[in-house]
1. Which residue pairs have Cβ atoms closer than 6 Å, lie 6 or more positions apart in sequence or on different chains, and pair a first residue in the range 9-36 that is more than 16 Å from Ala187 (Cα to Cα) and at pLDDT 95 or above with a second residue that is of a type outside the set (A, V, I, L, M) and not in a helix (DSSP H, G or I)?
2. Go through the range 246-270 and give me each residue that's touching a residue at least 40 places away in the same chain (Cβ under 8 Å), touching a strand residue (DSSP E or B) at 6+ places or on another chain (Cβ under 9 Å) and surrounded by fewer than 19 Cβ atoms within 10 Å (Cβ to Cβ).
3. Name the pairs whose Cβ atoms lie under 6 Å apart, with the first residue in the range 181-204 and within 18 Å of Ser249 (Cα to Cα), the second of a type in the set (Ser, Thr, Tyr) and assigned to a helix (DSSP H, G or I), and 6 or more positions between them or separate chains?
4. Looking at the range 66-155, what helices (runs of 4 or more DSSP H) fall wholly within it and have at least 1 residues that are closer than 30 Å to Ile168 by Cβ and either of a type in the set (Val, Ile, Thr) or out of contact with any strand residue (DSSP E or B) (no Cβ under 7 Å at 6 or more places or on another chain) (or both)?
5. Of the residues Val75, Val122, Val143, which single one is under 16 Å from the mean Cα position of the chain (by Cα), modelled with pLDDT under 95 and of a type in the set (Val, Ile, Thr)?
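The values are calculated or read from the model by the stated rules, or taken from the named source; none is laboratory data. Keep in mind the model is a prediction, meaning the values are calculated, not measured. Quick reminder, even Gly has a Cβ in these numbers, built from the backbone with ideal geometry, and neighbours come from all protein chains shown.
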Amino acid sequence: MTIVPAGAHAASAAPDDRGVGPLLRAWRERRRLSQLELALRADSSARHISFVETGRSRPSEEMVLRLAEHLDVPVRERNALLLAAGYAPHYPQTPLDDPALDALRAGLERLLQGYEPYPALVLDARYDVVAANRGITMLLDGVPESLLTPPLNAMRLTLHPRGLAPRIRNLREWRGHLLAQMERQIALYRSAPLRELYEEVVAYPVAERGPATAGGHLADEPEEPVPPFALPMRIEHGGRVLSFISSVSTFNTPMDVTVAELAVETFLPADPATVKYLHSLVG
């Protein structure tokens, strides 16, 4: 398992011709806050917020960062706000293979290895796979080499008609979940590559039904599946149907753009049969 550098897929922070005021107003409206509500949170006044948004007042660097924090603006976009206000970016963007991130990479590798035999992977802002464990490698059995050429993209691998899609028994539901997740990310980040990826995967054809099997069931597929506690991904592997619940974790209060855009996705077995099968592979 090797961690590879995350690509700079999201839009780079750059000055905005509209200035910082309209950008802050857009973030405030996106968060559905009034000027008064934001002012109370940021220890300011509605009058000052109004002056900043209309360009009548230039906010200090500290004020831009404070407003961005209370608006829950992503780290990359905080840099863009600072540039639009005439200040230098506050957050660095360190390449993932930089020695400064040695401890981070080592920690992620230990986390992924410790989660085996269950699948786990690390993704960047465009859903490119930065690292993955053997559980993920197992799920990718049979995927054509053309889709496994780096950089691997989790959305493309999952939804492509020659990827995992034909083996996902509840493809329509799982596809809907993934597309909704991408839509939320597009609304949060100004990322042309992410939107291009979305337009690509949403255009993939979707089969009317899952793969046909003799008698309607695969080996070891329970007649009455365990009721899920969240939407599972039910995927065929080795003549069986495995069931997983996905969980995504990010870093708390990141101070670097690269780190802020990393996400660790783990797949928890959703039924005892999946647990038993995965452990049999390493037993």
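1. Taking only residues 6 or more apart or on different chains, the pairs are Gly21/Gly55.
2. Ala263, Glu265, Leu268
3. Here the result reads Met182/Tyr198, each pair linking the range 181-204 to a residue that is of a type in the set (Ser, Thr, Tyr) and assigned to a helix (DSSP H, G or I).
4. Values: elements: 75-84, 102-115, 134-139.
Because the criterion is at least 1 residues that are closer than 30 Å to Ile168 by Cβ and either of a type in the set (Val, Ile, Thr) or out of contact with any strand residue (DSSP E or B) (no Cβ under 7 Å at 6 or more places or on another chain) (or both), the helices (runs of 4 or more DSSP H) in the range 66-155 that meet it are 102-115, 134-139.
5. Working: Val122 fails: modelled with pLDDT under 95; Val143 fails: under 16 Å from the mean Cα position of the chain (by Cα).
It is Val75.
Here is a yes/no grid of residues against (1) closer than 20 Å to Thr137 by Cβ; (2) touching a Phe, Trp or Tyr at 6+ places or on another chain (Cβ under 8 Å); (3) modelled with pLDDT of 95 or more; (4) of a type in the set (S, T, N, Q):
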{"site": "Tyr189", "(1), (2), (3), (4)": "no, no, no, no"}
{"site": "Glu199", "(1), (2), (3), (4)": "no, no, yes, no"}
{"site": "Glu224", "(1), (2), (3), (4)": "no, no, no, no"}
{"site": "Arg240", "(1), (2), (3), (4)": "yes, yes, no, no"}
